[in-house]
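Enquirer: Before I ask anything, here is the structure I am working with.
The values are calculated or read from the model by the stated rules, or taken from the named source; none is laboratory data. Treat the numbers as computed from the prediction; the structure is a model and nothing was measured. Reconstructed Cβ throughout: ideal geometry from the backbone, glycine too, with neighbour counts over all protein chains shown. Calculation scope for accessible area: heavy atoms of the full protein, side chains included, ligands and nucleic acids excluded. Shrake-Rupley method; radii C 1.70, N 1.55, O 1.52, S 1.80 Å.
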Amino acid sequence: MTRFFTSDNTSGVCPEVMNALIEANAGHMGAYGNDALTGEAINMVKQALGRPADIFFVYNGTAANTLACKAALRSIDSIICPDTAHIVSNESGAPVNATGSRMITVESSHGKITPEQIRKACQNESWWGMHATRPRLVSISQSTEWGTVYSLDELGEIKAACIELGMLLHVDGCRIYNAAVALDCSLAEICEHIDILSLGGTKNGCNCSAPPHKSGIF
């Protein structure tokens, strides 16, 4: 058997998902989200998040991250993120193109950044006054592109810095379930500190880009 380690979405669909797809592929239902299965999926995601949420299903991770940024930003706003962030290195400029917002990259340590770095980046940008962009969103990945994980305390400290600076916290969660396992905690505990989440499915056994590959803006 050949195995590929270029990405964790190169493996097949897990048996539970395939069986659920076969079971769902019977009879007729309304399209465009007005069906019982979509409603059930939304309720399950909300229950896992442990808080009220507006859920939006999209076809892939780039769309989820781009729409998440677009929902939170005006063109005069900017995004503070690690220099390794997926929205910078792997999404072909889609977030910048869609939002018109500047990316302020911070040098990461094994994929992670700190509240102190966020404060410094915000201060450096704000020094230009009316001529500067307005830092509005911090975007991090959980787990990171390096495979490292922010602890719950680290997430809480980053969220506290965002509140202090008047910013929102977006998390690229294409592998957030791996982080939950590593931290031995629930998804709800991680999401306690998050304003906007791109919630991954394909890299966790779902089929192709079936929702929720990355979804959920709350």
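Enquirer: Could you go through the stretch 42-48 in sequence order and give the Karplus-derived ³J(HN,Hα) for each residue, using 6.51 cos²θ - 1.76 cosθ + 1.60 with θ = phi - 60°, rounded to whole Hz, and x for Gly and Pro?
Expert: Result, ordered by residue: 4, 5, 5, 5, 4, 5, 5 Hz.
Enquirer: How much length is gained on full extension from His28 to Ala182, taking 0.36 nm per residue of separation minus their Cα-Cα distance?
Expert: Contour length minus Cα-Cα distance gives 51.4 nm.
Enquirer: Quick check on the chain: helices-only [θ] at 222 nm, where DSSP H runs of length 4 and up contribute -39,500 (n - 2.57) each and the sum goes over total residues. Nearest 500, please.
Expert: -11000 deg cm²/dmol
Enquirer: Each residue of the stretch 94-103 in order: what ³J(HN,Hα) in whole Hz does its phi give by Karplus 6.51 cos²θ - 1.76 cosθ + 1.60, θ = phi - 60°, with x for Gly and Pro?
Expert: 4, x, 5, 4, 6, 9, x, 9, 7, 9
Enquirer: Shifting gears a bit: Any chance you could give the angle, 0 to 90 degrees and rounded to 10, that helix 152-165 forms with the longest Cα principal axis of the chain?
Expert: Tilt relative to the chain: about 50 degrees.
Enquirer: Further, regarding this structure: Counting only protein heavy atoms and using a 1.4 Å probe, what share of the accessible area of the stretch 59-218 belongs to carbon plus sulfur, as a whole percent?
Expert: Ligands and nucleic acids excluded, carbon and sulfur reach 53 percent.
Enquirer: Taking θ as phi - 60°, what are the ³J(HN,Hα) couplings along the stretch 77-91 by the Karplus curve (6.51, -1.76, 1.60), each to the nearest whole Hz, with x for Gly and Pro?
Expert: Once θ is set to phi - 60°, the couplings for the stretch 77-91 become 8, 9, 10, 9, 8, x, 5, 9, 4, 4, 5, 9, 9, 9, 10 Hz.
Enquirer: Quick one: which residues, 5 or more positions from Leu168 or on another chain, have an amide H under 5 Å from its amide H? H modelled 1.01 Å from N in the peptide plane, none for Pro or chain starts.
Expert: Leu137, Val138
Enquirer: In square angstrom, what is the accessible area per residue of the stretch 24-84 with a 1.4 angstrom probe?
Expert: It amounts to 59 Å² per residue over the stretch 24-84.
Enquirer: What translational diffusion coefficient, to the nearest whole µm²/s, does the stretch 151-193 have by Stokes-Einstein, given a Kirkwood radius computed over alpha-carbon pairs, a temperature of 4 °C and 1.567 mPa s viscosity?
Expert: 119
Enquirer: A further question on this structure: Among rounded, prolate and oblate, which fits the stretch 102-197 when a ≥ b ≥ c are the square roots of the eigenvalues of its C-alpha gyration tensor, a/c under 1.5 means rounded, and a/b larger than b/c means prolate?
Expert: Note, shape of the stretch 102-197 comes out prolate.
Enquirer: With r as the distance between the Cβ atoms of Ala20 and Glu189 and R0 = 25 Å, compute the FRET efficiency 1/(1 + (r/R0)^6) and round to 0.05.
Expert: Rounded to the nearest 0.05, the efficiency is 0.45.
Enquirer: Taking amide H positions as placed 1.01 Å from N in the peptide plane, with prolines and chain starts having none, which residues 5 or more places from Asp77, or on another chain, fall under 5 Å of its amide H?
Expert: When sequence neighbours closer than 5 places are left aside, the close amide H contacts are Arg134.
Enquirer: Enter the Cα centre distance for the pair the stretch 155-209 and the stretch 72-147, rounded to the nearest angstrom.
Expert: 16
Enquirer: Kindly provide log₁₀ I(q)/I(0) values, in the same order as q = 0.14, 0.18, 0.24 Å⁻¹, from the Debye equation applied to equal alpha-carbon scatterers of the stretch 1-80.
Expert: Here log10 of I(q) over I(0) equals -0.79, -1.10, -1.26.
Enquirer: Taking each pair of distinct Cα atoms in the chain once, what is the resulting Kirkwood hydrodynamic radius in Å?
Expert: By the Kirkwood definition, the hydrodynamic radius is 18.1 Å.
Enquirer: Let me ask you something else. If you take every DSSP beta bridge fully contained in the stretch 1-142, what fraction is antiparallel? Give it as a percent rounded to 5.
Expert: That works out to approximately 10 percent antiparallel.
Enquirer: How large is the charge dipole for the stretch 1-83, taken about the Cα centre, if only the Cβ atoms of Lys, Arg (+1) and Asp, Glu (-1) carry charge, to the nearest 20 debye?
Expert: Roughly 200 debye for the stretch 1-83.
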